[in-house]
């Protein structure tokens with residue numbers, strides 16, 4: 001596999017360890033096959049668990065909450081994009 005971030009590697013490793021009790025390097029074909037499926041699940045999680053907030057008036061506390069949700073949303077999508085690009 002190409003170099004991927006520690007976050008993307010952690011997700012891929014969690015799946016291969018759960019399924020076969022080996023890291024992704026031990027099952028490169030399985031890891032390549034699973035990466036796009038994991039990416040789809042992460043995209044769904046980003047949209048369901050941390051949806052991009054709408055535009056409505058917020059106080060200072062809520063604005064921080066909106067920024068935190070946006071950060072989680074973007075991080076999940078970045079990991080998904082990285083996994084989709086993993087050969």
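The values are calculated or read from the model by the stated rules, or taken from the named source; none is laboratory data. Here the structure is a predicted model, which is why all the values come from computation and not from measurement. All Cβ positions, even for glycine, are placed from backbone atoms using ideal geometry, and neighbour counts span all protein chains on display.
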Output for the stretch 4-19, where each listed residue is more than 14 Å from residue 76 (Cα to Cα), at pLDDT 90 or above and in contact with a helix residue (DSSP H, G or I) (Cβ under 8 Å, 6 or more places away or on another chain): 13, 15, 16
Contact list please: Cβ distance under 7 Å, first residue in the stretch 17-28 and part of a loop (DSSP other than H, G, I, E, B), second residue surrounded by 12 or more Cβ atoms within 10 Å (Cβ to Cβ), pairs at least six apart or on different chains. 22/16; 23/13; 23/16; 23/17; 27/16; 27/20
Can you pull out the residues in the stretch 1-16 that are assigned to a helix (DSSP H, G or I) and within 27 Å of residue 66 (Cβ to Cβ)? 6, 7, 8, 10, 11
Of all residues in the stretch 37-56 being loosely packed, with under 14 Cβ neighbours inside 10 Å and at pLDDT 90 or above, which is farthest from residue 70 (Cα to Cα)? 37
